[in-house]
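**Student:** Let me begin by handing over the structure; questions about it come next.
The values are calculated or read from the model by the stated rules, or taken from the named source; none is laboratory data. Bear in mind the structure is a predicted one, so any value in this text is a computation, not a measurement. Note: ideal-geometry Cβ built from the backbone for every residue, glycine included; neighbour counts use all protein chains shown. Surface areas here come from the heavy atoms of the whole protein model, side chains and all, with no ligands, DNA or RNA. Shrake-Rupley method; radii C 1.70, N 1.55, O 1.52, S 1.80 Å.
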Amino acid sequence: MFRNIVTDLFFDLDHTLWDFEKNSALTFEKIFKENRIEVKLDDFLEVYIPQNLAFWKLYREEKITKIDLRYQRLKKVFDILGKDVSDATIDMLSNEYITHLSSFDHLFSGAREVLEYLHPRYRLHIITNGFQEIQEKKMRNSKIHHYFKEIIDSEMAGVKKPNPVIFELALKKANVTAEKSLMIGDSLEADIMGAQTLGFHTLHFNAHKEAPHKLCPIIHQLHEIKTFL
């Protein structure tokens, strides 16, 4: 479908290539054990996962700062679980979480294989809202950094997806037009609708089991990318 149209592929990182939920769970398991935080990991994650997505939405919309995001998502979860955790402990856990998160290297099934397939055929790039100081570490530790020519993050751009400015910067750095570019990501709002504003072709990796839509083609496994490219 896109094979003879696009030259450049732009990937989201977290929840698209890098298995955020799995790596995040392993990080919390590590820091809770080391700091003797008495909470059942499954109970914590059940609350944390939707709360984290909600706080990231606020962060994308410029309604909270990075510091607020890192603190409030943990504070809210402990409050919901009825756990009395001091601000000092939350700050410590927040810092340790960021420190250790990038040390885990689990990718979604088929990620490395599809990148190996695409790399000789297209120019590959990353557009991410993740924090600059850990995104490259994630990619290097999971051994996918070398596949990508340009890595554009929200701190570099000064805005977050779906703001068109970050997509404009990506096109400029990659020296390509939107008509020859394909954005692949998990977020309908940030990745798909954001990129479409600039005229990108788009492919939705439905990692969150969202309802069917007609915004663009949908895949449920990364290996399905090969059928389009």
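**Student:** Beyond a 27 Å Cα-Cα separation, which of these cross-linked pairs lie in this structure: Lys75/Lys138; Lys75/Lys149; Lys137/Lys160?
**Tutor:** Values: Lys75/Lys138 25 Å; Lys75/Lys149 38 Å; Lys137/Lys160 20 Å.
Listed pairs above 27 Å: Lys75/Lys149.
**Student:** Please report, in whole Å³, the volume per residue of the convex hull around the C-alpha atoms of segment 40-86. List each step's numbers first, then the result.
**Tutor:** Working: hull volume 3.1 nm³, N = 47.
Spread over its residues, the Cα hull of segment 40-86 gives 65 Å³ apiece.
**Student:** Another question, then. How big is the chain along each principal axis, measuring the range of its Cα positions in Å and listing the largest first?
**Tutor:** For the chain, the Cα extents along the three principal axes come out at 57, 33, 33 Å.
**Student:** Also, quick follow-up: At a Förster radius of 25 Å, what calculated FRET efficiency corresponds to the Cβ-Cβ distance of Asp42 and Val85, to the nearest 0.05?
**Tutor:** Working: r = 18 Å, r/R0 = 0.72.
Efficiency computed from Cβ-Cβ geometry: 0.90.
**Student:** Here's a follow-up. Can you tell me which lysines have their Cα less than 23 Å from the Cα of Lys209? Leave out same-chain residues fewer than eight positions away.
**Tutor:** Reachable lysines: Lys22, Lys57, Lys161, Lys226.
**Student:** Here's another thing I want to ask about it. Which residue fluctuates the most in the chain, going by a Gaussian network model with Cα springs under 10 Å, if the choices are Ser103, Ser154, Ser86?
**Tutor:** Among Ser103, Ser154, Ser86, the largest mean-square fluctuation in the Gaussian network model of the chain belongs to Ser86.
**Student:** Relative contact order of the chain: what whole-number percent is it, with Cα pairs under 8 angstrom and at least 6 residues apart? Present the calculation step by step, with values, prior to reporting the outcome.
**Tutor:** On the way: 332 pairs, mean separation 59.6, N = 229.
Over the chain, the number comes to 26 percent.
**Student:** Pop out the carbon and sulfur fraction of the accessible area of the chain as a percent, whole number, probe 1.4 Å.
**Tutor:** Details: 5670 of 11050 Å².
Answer for the chain is 51 percent, counting heavy atoms of protein chains only.
**Student:** Accessible area per residue for segment 132-229 in Å², computed with a 1.4 Å probe and the full protein assembly in place, what is it? Write out the running numbers ahead of the final one.
**Tutor:** Details: 4560 Å² over 98 residues.
So segment 132-229 comes to 47 Å² accessible per residue, rounded to a whole number.
**Student:** Would you mind telling me the antiparallel percentage of the DSSP bridges in the chain, rounded to 5? Intermediate results must be reported in sequence, preceding the final value.
**Tutor:** Values: 1 of 20 bridges.
Percent antiparallel among DSSP bridges in the chain is about 5.
**Student:** Extension gain Gln132-Asn4, at 0.36 nm per residue separation less the Cα-Cα distance, in nm?
**Tutor:** Values: separation 128, 0.36 × 128 = 46.08 nm, distance 3.31 nm.
Contour length minus Cα-Cα distance gives 42.8 nm.
**Student:** Taking a probe of 1.4 Å, how large is the accessible area per residue of segment 31-100, in Å²? Could the numbers behind the result be given before it?
**Tutor:** Working: 4150 Å² over 70 residues.
Accessible surface, normalised per residue, equals 59 Å².
**Student:** Turning to a different aspect of this structure: Over segment 80-158, what is the mean sequence separation of C-alpha contacts under 8 Å (at least six apart), divided by residue count, expressed as relative contact order in percent? Please list the in-between numbers first.
**Tutor:** Numbers: 61 pairs, mean separation 26.9, N = 79.
Across segment 80-158, relative contact order equals 34 percent.
**Student:** Among 3-15, 43-55, how do they line up by average Cβ neighbours within 10 Å per residue, starting with the highest?
**Tutor:** 3-15, 43-55
**Student:** Non-local amide H neighbours of Ile152 (under 5 Å, H modeled in plane, Pro and chain starts lacking H): which ones?
**Tutor:** Ile126, Ile127, Thr128
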